[in-house]
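Values quoted throughout were computed directly from the atomic coordinates according to the rules given, and no laboratory measurement underlies them. Note that the coordinates shown come from a computational prediction; the quantities given were computed from them, not determined experimentally. Note that each Cβ is placed from the backbone with ideal geometry, even for glycine, and that neighbours are counted across all protein chains shown.
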Amino acid sequence: MSEQQEKYKSVQNKPVGQRTLGESWVALPARTRLRISLAVTGIALAGVYLSDQLERILPPPADKKPISEGAAKDVPPP
């Protein structure tokens, strides 16, 4: 048995309450980890796409100067 397989088995033998997040992630089957990763990536891409579409539909107000032109950020007083 390879070292990686031994490590995988030792993680699976730990009680769930004593595993770290990384150990719990490693204990998942590879196909499940792949599906979760692809789902998170898809949601992130959809968010970027929707954000771009909303920016085209609702452009930012023209009366405010961009921060790059020296405008102060809207920061509440301390």
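Side notes on the structure shown:
- The stretch 35-46 - phi-based ³J(HN,Hα) in whole Hz, Karplus 6.51/-1.76/1.60, Gly and Pro as x: 5, 5, 4, 5, 5, 5, 5, x, 5, 5, 5, 4
- A Förster radius of 30 Å combined with the Cβ-Cβ distance from Thr41 to Leu21 puts the calculated FRET efficiency at roughly 0.95.
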